[in-house]
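The values are calculated or read from the model by the stated rules, or taken from the named source; none is laboratory data. Treat the numbers as computed from the prediction; the structure is a model and nothing was measured. When we count neighbours, we look across all protein chains shown, and the Cβ atoms used for this are built from the backbone with ideal geometry, even at glycine.
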Number of protein chains: 2
Amino acid sequence: MSQATESVEDTTLSAGVDAVVSALSVRYDNRLSTGEAIRAQHANTLTWHPAKLPDAVFFAETAEEIGEVVRLCAAHKVPIIAFGTGTSLEGHINAPRGGLSIDVSKMNNIVEVNAEDLTCTVEPGVTRKQLNDYLRDTGLFFPIDPGADASLGGMAATRASGTNAVRYGTMRDNVLSLKAVMPDGREIRTARRAKKTSAGYDLTHLMVGSEGTLGVFTELTLKLSGIPESIAGGVCPFPTIEAACNATILTIQMGIPVARIELVDELQVEACNSYSKLDLKVAPTLFLEFHGTDASTAEQVALFGDIAAELGGGPLEASADPEARSRLWQARHDAYWSGRSLRPGWEAFATDVCVPISRLAECVTAAKEDLEASDLVGPILGHVGDGNFHVTVLVDPDDPDMLSRAKAFSGRLIERALAMDGTCTGEHGVGEGKIIYLESEHGPALDVMRAVKRAIDPDGIMNPGKIVLDND
Amino acid sequence: MSQATESVEDTTLSAGVDAVVSALSVRYDNRLSTGEAIRAQHANTLTWHPAKLPDAVFFAETAEEIGEVVRLCAAHKVPIIAFGTGTSLEGHINAPRGGLSIDVSKMNNIVEVNAEDLTCTVEPGVTRKQLNDYLRDTGLFFPIDPGADASLGGMAATRASGTNAVRYGTMRDNVLSLKAVMPDGREIRTARRAKKTSAGYDLTHLMVGSEGTLGVFTELTLKLSGIPESIAGGVCPFPTIEAACNATILTIQMGIPVARIELVDELQVEACNSYSKLDLKVAPTLFLEFHGTDASTAEQVALFGDIAAELGGGPLEASADPEARSRLWQARHDAYWSGRSLRPGWEAFATDVCVPISRLAECVTAAKEDLEASDLVGPILGHVGDGNFHVTVLVDPDDPDMLSRAKAFSGRLIERALAMDGTCTGEHGVGEGKIIYLESEHGPALDVMRAVKRAIDPDGIMNPGKIVLDND
């Protein structure tokens, strides 16, 4: 039984939920579920956040249905939680006030590909791998790649990024326009398909990163990139994590247009070796990829090699073999799972700070020292070309003191990042986990966010308890 | 006397204005002006929009002063119009309800340059040329260049772009964070200086392009780019405007990373030759620039040359001489003025549609045909790599029928652009001129914009009559 039936206020909620469930059951018998297993699956938060189940799950197939369901929920003030693949890391899909999970995974049509404009339009349940498989013969690809094979709707909702962001940007830069059902049940489209516009407020960017708190995405128009003529890359070990960070800083500052530059610390290298069957040297390592013409990737590799050598690192073991490269990047994408495999049965406490690149080495080394001083185990990896890194603190669920220490560690990490003019979350989003840091990060700007939320969702039915709190 | 004293409602306004003017006169005697000439200068709309003067002009020097003045205006519900250089083209700085123009041109300090992070922080009155002069020795530059030497605050407010946008993006992509005094007088900062973030709603992008209707910018943190090692470029004539557009489409679709690709039609070439003392062949022409290493710019020039030849155009007359190049681009930036010089004493009716690149040739040729059918004179130029072009219709102020024909032409141009999934304004902004098209462009999304405006500026004091109308 979800938490939604436990208090006086929630009795009203529950009556509303009953009404919504009854109405939907009649119309969509086989696509509405109130079973415990399905509800639990839709609150599987992947991390230390305790699961808070929705009261029911609706498997949507069209935008019209979502409009209808949102109007119904709005009439009964029943919370709505949009669900893609459930791979978010901050409890985004939890239902602290119960309500209806709207699962869009069946809305996975690729609506159109406009190859000549380098854009495509997809339904929100399409995953990034599905899209890239579909695009394979066009010479184009969609570059944003968080570890998981997430839905593009979810990626837009959390403003996701990943390993290619240093060169291709994040979801912020690659969603050209989107459609969403707003809390009043009306579907809007945030922008036209033109590459640029000055026609009023930028609703596209307002919705990207809104984590389902302003509306439910029903369609996304995305920018595509040309598959590079030449791809070079490999791994490069360093004597210290500081040296690896400094190599990253120099690479960015010299303007080398690196496509991927990923830090993997020695503990994470061990985990990758064991989980993904690699035999990398156990040392702080950069995973790299360069995109361009044959000449330009060769030039980039050489320039980076010089930087690495100067810092005592290297050699860069480059591989032209696509299969070896693909195994390497699969290991990188699986790092969350390989990291967790270091302590089977434990939970993961994901951190996600991002700082100006000039402060990266300082921030990473301080985190590493703090980790040791806190008697915590946490592999470190990151999209360091953007100044973004993750310490995945591993937490024994039977040791409440360890969870406290992990929380305190995360708090100090964020404090340091904020003091460096960084952010508490570079790509995971706020969800439930980072809410307490928004006041320090944003100050009075948080009130503007609250005003926007109230204006668009006055009854607070859209993913309540995320980004801004109900009673703010 | 401004329009603000003409109606019953405006009597209240006027009393409010009197109170604000009295209070500010005491404190800032020499920086508050109610003189006709100064007020007229602050409503100089450059185009066909009739000037609507503010009641007074305040020359701000600090963010604290702006906070104080906004609180004062808010208390008396007096409209506030932020003013940078006054080079916007859609009546953005008009004061249809009177009020106080806040001139930020004295706030022109460069606060800091973080060369190692490729960012800088400036006050809103810094102009783009001032910033680039300042950056000269750092190896970095700020790429966004609308024709005018506009203030960076104004450029952010209108989401400006210009000739480099095809490669470097627009103000949307190059403002990392900003500070603004909001309608309640509080100053907010929209984001930290980290390159990416997922920490809540994207207020940076909400404010960029808000045209002073949500707050007054007091500081901007901008992304900088490295000055390319090699710059190549020149002009390339084509037999028809369609061929020039098709060359642009192919260049973009082939992924040539062109830095500038500007269409100048034969009439505009004539104007440039005469006004800027050039001797270009009178033909539809592309002005081009390629950035990279010596090898890569040579490669780009060769690839483009092949495309041009295939379409019957060329040769690309490239010049390695920086001075010749600079004369060429100055002529391009002065095109608004050279275009107007074709009919001295007439006014300009600027259009600004932007369409998906695949529809560019079709949209430009239809505009050209319509221009002739409408018996109008209008040179055409555009940032065609983005699908954005301007027909600068020249209008005899003594011929009201000509202005009507220009308005009708502009309306049809926008209708065609919208039918091609384009936008009514690629970079000029809405101001007063494009308001009537937002309903067609955005549909129900316009209501969301209205809700955001009401939430942030409930009394409608920030630049009223722009983007969303007061009585919406």
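Among the residues of region B:380-399, are any surrounded by fewer than 16 Cβ atoms within 10 Å (Cβ to Cβ), within 14 Å of chain A (Cβ to nearest Cβ), farther than 30 Å from B:Arg71 by Cβ and of a type outside the set (A, V, I, L, M)? Before you say what the answer is, go through the steps one by one.
Restricting attention to region B:380-399, the residues satisfying the condition of being surrounded by fewer than 16 Cβ atoms within 10 Å (Cβ to Cβ) are B:396-399.
With the extra rule that they be within 14 Å of chain A (Cβ to nearest Cβ), the set shrinks to none.
No, region B:380-399 has no match at all.
Inspection of region A:146-158 identifies no residue that is within 9 Å of chain B (Cβ to nearest Cβ), aliphatic (A, V, I, L, M) and assigned to a loop (DSSP other than H, G, I, E, B).
Of all residues in region B:176-207, those satisfying the criterion of being in a strand (DSSP E or B), charged (D, E, K, R) and facing chain A (nearest Cβ under 8 Å) are B:Glu187, B:Arg189.
When the residues of region B:244-263 are narrowed to those that are touching a Lys or Arg at 6+ places or on another chain (Cβ under 7 Å) and at pLDDT 95 or above, which ends up farthest from B:Gln330 (Cα to Cα)? Steps first, answer last, please.
Here is the first cut: in region B:244-263, the ones touching a Lys or Arg at 6+ places or on another chain (Cβ under 7 Å) are B:257-259, B:262.
Pick out the ones that are also at pLDDT 95 or above and you get B:258-259, B:262.
On the way: B:Val258: 19, B:Ala259: 16, B:Glu262: 13 Å.
The extreme case among them is B:Val258.
Checking each residue of region B:405-425 against the condition of being within 12 Å of another protein chain (Cβ to nearest Cβ), in contact with a Gly (Cβ under 7 Å, 6 or more places away or on another chain) and among the acidic types (Asp, Glu) gives no match. Annotation note: of A:Ser88, A:Ser105, A:Ser101, the sole residue that is surrounded by fewer than 24 Cβ atoms within 10 Å (Cβ to Cβ), within 22 Å of A:Gly431 (Cβ to Cβ) and either of a type in the set (Phe, Trp, Tyr) or out of contact with any Lys or Arg (no Cβ under 6 Å at 6 or more places or on another chain) (or both) is A:Ser105. Residue count for region B:412-439, restricted to those that are farther than 20 Å from B:Ala148 by Cα, crowded, with 24+ Cβ neighbours inside 10 Å and of a type in the set (Val, Ile, Thr): 1.
Evaluate the following for A:Leu328: is it touching a helix residue (DSSP H, G or I) at 6+ places or on another chain (Cβ under 8 Å) and either over 30 Å from A:Pro397 (Cα atoms) or not assigned by TED's automatic domain parsing to the domain that holds A:Ala406 (or both)? So A:Leu328 fails the test.
The set of residues in region A:300-324 being of a type in the set (D, E, K, R) and either over 32 Å from the mean Cα position of the chain (by Cα) or part of a loop (DSSP other than H, G, I, E, B) (or both) consists of A:Asp306, A:Glu310, A:Asp321.
Just to be sure, is B:Ala283 in a helix (DSSP H, G or I) and touching a Pro at 6+ places or on another chain (Cβ under 6 Å)? So B:Ala283 fails the test.
For region A:458-468, the count of residues that are within 13 Å of another protein chain (Cβ to nearest Cβ), free of Cβ contacts under 8 Å to residues at least 40 places away in the same chain, surrounded by 23 or more Cβ atoms within 10 Å (Cβ to Cβ) and in contact with a Lys or Arg (Cβ under 7 Å, 6 or more places away or on another chain) is zero. Looking across region A:159-175, the residues that are touching a residue at least 60 places away in the same chain (Cβ under 8 Å) and not in a loop (DSSP other than H, G, I, E, B) come down to A:Ala165, A:Val166, A:Arg167, A:Tyr168. Taking the conditions exactly as written (in a strand (DSSP E or B), more than 9 Å from every other protein chain (Cβ to nearest Cβ), surrounded by fewer than 20 Cβ atoms within 10 Å (Cβ to Cβ) and touching a residue at least 60 places away in the same chain (Cβ under 8 Å)), does A:Ile261 satisfy them or not? Taking the combined requirement at face value, the residue does not satisfy it.
Can you name every residue in region A:242-258 that is away from every other protein chain (no Cβ under 14 Å) and buried (at least 23 other Cβ atoms within 10 Å of the Cβ)?
Start the filter on region A:242-258 by keeping residues that are away from every other protein chain (no Cβ under 14 Å), which leaves A:242-244, A:247.
Once the filter is applied, which keeps residues that are away from every other protein chain (no Cβ under 14 Å) and buried (at least 23 other Cβ atoms within 10 Å of the Cβ), region A:242-258 yields A:Ala244, A:Ala247.
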